Amino acid sequence: MSSPASVTSSITVLAENIGGIDSTEVTLTPGVNVLTGRNATNRTSFLQTIMAALGSRHTSLKGDADAGHVELTLDGQQYTRVLERRNGEVVFDGDPYLDDPELADLFAFQLESNEARRAVRNGDDLRELIMRPIDTDEIEAEIESLEADKRDLDDRLEHLAQLETELPGLEEERTALDDEIESVTDRITDLETDLDEFELDIEASHARKDAIESAFADLQAARTELESIEYDLETERESYAELEAERDDLQAELAALDDEQTSPDRLEGRIQELRARKRSLDTTVSELQSVIRFNEDRLGDDGFEVELEEPADSETETDGDITEQLLADDVVCWTCGSHVDRGRIESTLERLRSLRQRKLDERSELQVQLDDLASRRKTLRERAQKRGELETRLSAIENDLERRQQRIEELEAERDEQRARVTDLESDADTFENAEYGDVIETHRELNRLELERETIEAERDDLQARIDEIEATLADRGDLEDRRETVEEALTECRTRVNRLEETAVDAFNEHMDSILSLLEYENLDRIWIDRREKTVREGRRTVTKTTFDLHIVRSTADGTSYEDTIDHLSESEREVTGLIVALAGYLVHDVYDVVPFMLLDSLEAIDADRIAALVEYLEEYADCLVVALLREDAEALSDSYSYVREI
């Protein structure tokens, strides 16, 4: 499970003025390291020392010191952390192992104040805890980009589908034109045969024939030119009419677009402002949570580092003095050193918790506003893009209409001029009509007409063939477009289901490990603990949304073997601590924390008996390169002798 070869040699940890530690140097080894001793022997402070070197801020500076220092040497690399008290606050500096310790704080540093363990103890939302490291904003942005790509590909594929339905009709039309060309060609061949059969007077025929053929050749060329001009003119008029219709449609569509006064860029500024406020709230919530955890930890059973003003005469006397101080109504404040009533500290903590909840509610409301603004910005951008496209197309159409109108006027002038020329040539051809050459002239006329008709049909057939070739070439790209669309669809599905898959993985990991742990620890009448992933509808600001929740289920059995579902409130302290550890382990595995930091730290296991602690440590050993666990001496006796033991800090 751990990252390959992430810890290959011994680890050296040096600390000064951290927690209750004045100065210490401890060597750890890969595998399991057991910090063993009595209470108040700086085991928790040493774990916080490791956390500080790894990047955590959940570490305290010694109460009577203005500065503290931590060094951790791991596989030849040295990581440092400096703590300084400035203006009543502890400031962190140095070069720690992690730039962002969130994953490690949540799932690897499993001290009593660990949020996963506290969530189980308090019955908090396990889903929010486990899924907190997921950047949903980034996933939504990726989904939006993929959806835009998919829409573009869908439009292009739909266009190809329309072209494909057009192709059979074009091919039928081309076949009909080929048949028509063949029919006209046959008739031309027959007329040419008829001309060859005419027997004219040999002496007069040559001169007259040349004159006739010359006249009709000129007439045929003139008529061909006239047909070409008229065809071009008709084509231009049709194109002009189509452009006018398209222009009217575009103008109507442009007029139908609502004028929106708000600029997308202005909304972007507002979105950035809200995002900055949300990030600020995230930082505030995180810092408040750190302060709350720290103070809760200091109020816990092992939270005080008590120093006596005079040395005790005996070990018994020392233990008695410490007990009297722990039971007193007032305590020594760990921030200012004065005596403060415990109730005042607890009251302050409650106000901090209320403030954190208000900040969380404010952050939720900001997220709702961000979602609404992002949706509105998207609509405005699409509308602006559409308006720009319409205006660009209208401008192009107006230019094209002006150009085609000029061309139509030129073609009309050419047509009128050519018609006059054809009339003159027809008049010249009529002079050859007499009894002797009447049939020949009529045959020439029909032949000229048919040849012109064939040229027109062939030109139409060639244009049709060019259109067919163009469509077939375009359709050849459909396979690539379909492959790209499938890839985008898969990526979109992966993004949309990424959070769901992580949730399912987290639930499966918890249930699997909890079953294994319960079978090892053999709690009496505790049959099963598992998480059920469920969707529920909740109010989020002004919206109703569907959210996923993790429900924790507990099944017990009576002496006669009857099973019943219990609640977390009825778990023993030992069972509750084990459940919290497994929640943290599930997050550790789901988010690959073993690839982020090679340490797992365990503390405050006193509620679990020694044999079960030994089984739990052995189970967790395979999931971290360096597992450091703090235990009382009597609890450590049940662990394997092969582990590395640190008995003095």
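Being in a strand (DSSP E or B) and either surrounded by 21 or more Cβ atoms within 10 Å (Cβ to Cβ) or touching a strand residue (DSSP E or B) at 6+ places or on another chain (Cβ under 6 Å) (or both) is the filter here; which residues of segment 52-77 pass it?
The answer is 61, 67, 68, 69, 70, 71, 72, 73, 74.
Taking segment 37-91 on its own, how many of its residues are among the hydroxyl-bearing types (Ser, Thr, Tyr) and more than 20 Å from residue 602 (Cα to Cα)?
Count: 3.
Can you name the residue in segment 617-646 that is among the charged types (D, E, K, R) and under 46 Å from the mean Cα position of the chain (by Cα) and is also surrounded by the most Cβ atoms within 10 Å (Cβ to Cβ) among such residues?
Residue satisfying both the conditions and the ranking: 625.
Just one of 80, 36, 44, 29 is within 41 Å of the chain's Cα centre (by Cα), buried (at least 18 other Cβ atoms within 10 Å of the Cβ) and either among the polar types (S, T, N, Q) or not assigned by TED's automatic domain parsing to the domain that holds residue 634 (or both); which is it?
44
Condition check: without any contact (Cβ under 8 Å) to a residue 60 or more places away in the chain and within 38 Å of the chain's Cα centre (by Cα). Does residue 406 satisfy that?
So residue 406 does not fit the description; no.
Where residues in segment 519-532 are without any contact (Cβ under 8 Å) to a residue 40 or more places away in the chain and either in contact with a Phe, Trp or Tyr (Cβ under 9 Å, 6 or more places away or on another chain) or not charged (D, E, K, R) (or both), which of them is surrounded by the fewest Cβ atoms within 10 Å (Cβ to Cβ)?
519
Looking only at segment 104-125, count every residue that is assigned to a helix (DSSP H, G or I) and either more than 19 Å from residue 572 (Cβ to Cβ) or among the basic types (Lys, Arg) (or both) and tell me the total.
Residues flagged as assigned to a helix (DSSP H, G or I) and either more than 19 Å from residue 572 (Cβ to Cβ) or among the basic types (Lys, Arg) (or both) within segment 104-125 amount to 9.
Being at negative phi and more than 42 Å from the chain's Cα centre (by Cα) is true for just one of 613, 649. Which residue is that?
Of the residues listed, the single one that is at negative phi and more than 42 Å from the chain's Cα centre (by Cα) is 649.
Just checking, which of 505, 546, 579, 537 is of a type in the set (S, T, N, Q), within 24 Å of the chain's Cα centre (by Cα) and assigned to a helix (DSSP H, G or I)?
Within the list 505, 546, 579, 537, the selection yields 505.
Among the residues that make up segment 146-155, is at least one of them surrounded by 13 or more Cβ atoms within 10 Å (Cβ to Cβ), in contact with a strand residue (DSSP E or B) (Cβ under 8 Å, 6 or more places away or on another chain) and in a helix (DSSP H, G or I)?
The answer is no; no qualifying residue exists.
Look at segment 52-85 and say how many of its residues are in contact with a Gly (Cβ under 6 Å, 6 or more places away or on another chain) and among the hydrophobic types (A, V, I, L, M, F, W, C).
3
May I ask you to list pairs of residues, at least six apart or on different chains, whose Cβ atoms are under 9 Å apart, with the first in segment 269-294 being under 13 Å from residue 353 (Cβ atoms) and the second being of a type in the set (S, T, N, Q) and part of a helix (DSSP H, G or I)?
none
In this structure, does residue 394 turn out to be buried (at least 16 other Cβ atoms within 10 Å of the Cβ), assigned by TED's automatic domain parsing to the domain that holds residue 247 and either aliphatic (A, V, I, L, M) or in contact with a helix residue (DSSP H, G or I) (Cβ under 6 Å, 6 or more places away or on another chain) (or both)?
Taking the combined requirement at face value, the residue does not satisfy it.
Count, please, the residues in segment 588-607 that happen to be free of Cβ contacts under 8 Å to residues at least 60 places away in the same chain and surrounded by fewer than 23 Cβ atoms within 10 Å (Cβ to Cβ).
Counting residues in segment 588-607 that are free of Cβ contacts under 8 Å to residues at least 60 places away in the same chain and surrounded by fewer than 23 Cβ atoms within 10 Å (Cβ to Cβ) gives 3.
Answer yes if at least one residue in segment 80-102 is within 30 Å of residue 534 (Cα to Cα) and touching a strand residue (DSSP E or B) at 6+ places or on another chain (Cβ under 9 Å), and no otherwise.
yes
All but one of (1) out of contact with any Asp or Glu (no Cβ under 6 Å at 6 or more places or on another chain); (2) not assigned by TED's automatic domain parsing to the domain that holds residue 227 hold for residue 488; state the number of the condition that does not hold.
Of the numbered conditions (1) out of contact with any Asp or Glu (no Cβ under 6 Å at 6 or more places or on another chain); (2) not assigned by TED's automatic domain parsing to the domain that holds residue 227, the odd one out for residue 488 is (1).
Under 9 Å between Cβ atoms, which residue pairs at least 6 apart in sequence (or on different chains) link something in segment 161-173 that is under 16 Å from residue 476 (Cα atoms) with a partner that is polar (S, T, N, Q)?
Here the result reads 163/474, each pair linking segment 161-173 to a residue that is polar (S, T, N, Q).
The values are calculated or read from the model by the stated rules, or taken from the named source; none is laboratory data. Computed from a predicted model, the values in this text were never measured in an experiment. Here Cβ is always computed from backbone atoms with ideal geometry, including for glycine, and neighbour counts include all displayed protein chains.
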